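The values are calculated or read from the model by the stated rules, or taken from the named source; none is laboratory data. Keep in mind the model is a prediction, meaning the values are calculated, not measured. No Cβ is skipped: glycine too gets one built from the backbone with ideal geometry, and neighbour counts run over all protein chains shown. Note: accessible area is taken over every heavy atom of the protein model, side chains too, but ligands, DNA and RNA are not part of it. Shrake-Rupley method; radii C 1.70, N 1.55, O 1.52, S 1.80 Å.
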Amino acid sequence: MPRIIAIDYGRKRCGVAVTDPLQIIANGLPTVPTHLLMDFLKDYCAKEEVELIIVGEPRQMDGTPSESTQYINPFLKHLSREMPTMKVIRRDERFTSVIAHREMLAAGFRKSQRQEKGRADEMSAVIILTEYLQNR
């Protein structure tokens, strides 16, 4: 069974998560600098069978697109050009950063660990993917 990838897209770095081959568990992958994300995805998809990429869609509390959408849309266009057969969906990510920080606290992460650049991004991608798996 092919894997599913989730991306928490950021201006500097992106959190990435992937399912196991049975699409049961979401696992975080190392955070990827945004300018290297496309190469990372193409390389990963060349090595592993992937059927779907989920991209977090930041929204305001009222459900309207957030300011970050202006950075994500060009990436999505580039992704569709580079990987035209890949199915891509967008998923509401409104509270993933807050949930990620709460999860890190609950897991006993030290303050220095919680402040590591990219750790919250990775966890946010895992949350996006886990929610997708639970709701499909």
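Condition test on residue 62, is it buried (at least 16 other Cβ atoms within 10 Å of the Cβ), charged (D, E, K, R) and on the phi < 0 side of the Ramachandran plot?
no
Of all residues in the stretch 1-57, how many are closer than 16 Å to residue 78 by Cα and β-branched (Val, Ile, Thr)?
5
Could you check, for the stretch 20-33, whether at least one of its residues is closer than 21 Å to residue 131 by Cβ, without any contact (Cβ under 8 Å) to a residue 24 or more places away in the chain and of a type in the set (Asp, Glu)?
yes
How many residues does the stretch 1-23 contain that are aliphatic (A, V, I, L, M) and open to solvent by 10 Å² or more (accessible area, probe 1.4 Å)?
2
Search the stretch 40-56 for residues that are within 17 Å of residue 91 (Cα to Cα) and pair each with any residue that is open to solvent by 70 Å² or more (accessible area, probe 1.4 Å) when their beta-carbon atoms are under 6 Å apart and the residues are at least 6 apart or on different chains.
Listed by first residue and then by second, the contacts come to 52/87; 55/90.
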